Amino acid sequence: MRNFIAFIRRFRVLLYFALLQGIALAFYFTFISFPRAQWMTTASAVTGTILEYRNDITKHFNLSKNNDWLQKENIRLRKMLKQSRISVDSEKGEDSNVVRIDDTLWRQQYDFVAATIINSTHNKRNNYFTLNVGKAQGVERGMGVFSDEGVVGIVHNSNTHYAVVKSCLTKDINVDVLIQGSGEFGILKWDGKDPRYGTMTGVSNDLTIKKGAKVITRGGAAIYPRGIPVGVITKTEVVEGQPLWDITVKFSVDFRKLQRVYVINNLLKLEQKELEENIPMIAQ
Amino acid sequence: MNPFKYIGRFVFMVLIQALFLNQLETGLGVQGMIYPLFLLFLPVEISVIFLMTIAFVMGMCIDAMSNTYGLHTSALLAVAFSRPFIFDLFAPRDGYDPLIEPDIFSMGHSWFFKTYGLLLLIHHLWFFSLEMFKFSEILLIMQKTLLSVLFSYILSILVHYLLVKRPKKNEI
């Protein structure tokens, strides 16, 4: 026992260093894959409030850009209004031949929550965004996030009033995507170098891939609806030693100046998950 | 020895780092980090255990505000652990005066360059290696480390002149 105490005394600095370093590294490696506590993230109440104060100041820097953005969105919505459309058979007067379809035939599958990014990074290996919405607005872990330009990420962790989003600029985001038109599907990844380009993997290289083709979400994992834009193919290369294409995709979203996003709540997610859980393991 | 001075510096460094420097886009993967300067300013005689405790708290504060989950903490702990060794390595001929704070005015430019430069290098190398965590990306780690050390060092000199008052000549 005396030897043991002597040992601890002699190496106390090293042991203390190892202890604290162990705590820090345990935090780092467990939080990347699964968030266990919330007080360490920007979703916590104290840091969330500080960041919101900062956003109150910095959001005005982009005021004119945001106004443009809102105006474009307004134009897009205004085009859908009845007043801005002309009836196809206008000779017989307005909507004489039009059959009204009862709206109750359509059930809502996706619900959207508008949110503002109050903190974000884009030059780290794993980049997370903080949103000013949380459980009070119905935002839960695993929901998709997109902006009017394209896919942004997946909600990683949420508190009463704040949420942390794992953006497309992280190591293992793995969004289900497909190439519009030809329909090959793969998985979106990011190599950590340039926030403008991602890579799409899992496409067999006997298929011809056109440069400039659009990449959209596949809607497979019950996170995003089908057809949200992801980006445009700019380069294709063969992976050495594997029958796969390495496809470079230019993101349609500029993550460096993103501010307004929407969170998707898939109302039928549970039904899909329930069915998929029943797939027998042997069949896979 | 005025504790409020240190508390003020602590809050200043954490806020500058979390709210400003971590958001700054400089290109080429360069990231400025100035908070190791706070550890350098602490008195020479301070015990390593206490130093590492301060480093842990400071790192956690920065991590909690920038979604890095312990990355800054780990790197800052490495700095705190190696500070006594590096101080011994570059000690003046007749040892450190326990009354003074180690800064440019008391120790001179060449001492500051050697000591703080080495501490920054350890910090940045630890930080970027842990962030990438892949041996095949070693070139990118090196590029980021060297460029960031240069950037952080220049920033730190500016912050140093901002925080520390030049002592009057007749006091010495």
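The values are calculated or read from the model by the stated rules, or taken from the named source; none is laboratory data. These numbers come from a predicted model, not from an experiment. No Cβ is skipped: glycine too gets one built from the backbone with ideal geometry, and neighbour counts run over all protein chains shown. Surface areas here come from the heavy atoms of the whole protein model, side chains and all, with no ligands, DNA or RNA. Shrake-Rupley method; radii C 1.70, N 1.55, O 1.52, S 1.80 Å.
What the table below lists for this structure:
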item: Protection proxy ranking, peptides A:264-274, A:157-167, average beta carbon neighbours within 10 Å, highest first; result: A:157-167, A:264-274
item: Principal-axis tilt of helix A:12-33 within chain A, Cα atoms, nearest 10 degrees; result: 20 degrees
item: Per-peptide average of other Cβ atoms within 10 Å, ordering A:130-142, A:1-13, A:202-214, B:32-44 highest first; result: B:32-44, A:130-142, A:202-214, A:1-13
item: log10 of Debye I(q)/I(0), alpha-carbon scatterers only, for chain B at 0.19 Å⁻¹; result: -1.37
item: Above-threshold pairs, the threshold being 23 Å between Cα atoms, out of A:171/B:144; A:235/A:273; A:79/A:135; A:211/A:257; result: A:235/A:273; A:79/A:135; A:211/A:257
item: Estimated [θ] at 222 nm from DSSP helical runs (n ≥ 4, -39500 (n - 2.57)) normalised by residues in the protein assembly as shown, nearest 500; result: -13000 deg cm²/dmol
item: Cα long-axis angle, helix B:109-132 against chain B (0 to 90 degrees, to the nearest 10); result: 20 degrees
item: Spin-label model distance (nm) - residue A:58 vs residue B:133, 7 Å beyond Cα toward Cβ; result: 2.6 nm
item: Kirkwood hydrodynamic radius of the protein assembly as shown, from inverse mean 1/r over distinct Cα pairs, in Å; result: 25.4 Å
item: Area accessible to solvent at residue A:236, 1.4 Å probe radius, in Å²; result: 40 Å²
item: Residue-averaged beta-carbon neighbours from other chains (10 angstrom radius) around A:44-51; result: 3
item: Whether segment A:147-284 is rounded, prolate or oblate, judged on the alpha carbon gyration tensor where a/c under 1.5 counts as rounded; result: oblate
item: 10 Å Cβ neighbours from other chains, averaged over peptide B:48-60; result: 3
item: Whole-number Å³ per residue for the convex hull built on Cα positions in segment B:1-63; result: 89 Å³
item: Average beta carbon contacts from partner chains per residue of B:14-25, 10 Å cutoff; result: 3
item: Rounded Å value of the spacing that divides the Cα centres of segment B:98-149 and segment B:28-88; result: 11 Å
item: Angle between chain A longest axis and helix A:63-79 axis [Cα atoms, degrees, rounded to 10]; result: 40 degrees
item: Relative frequency of Cα-Cα separations exceeding 15 Å in segment A:175-253, percent; result: 50 percent
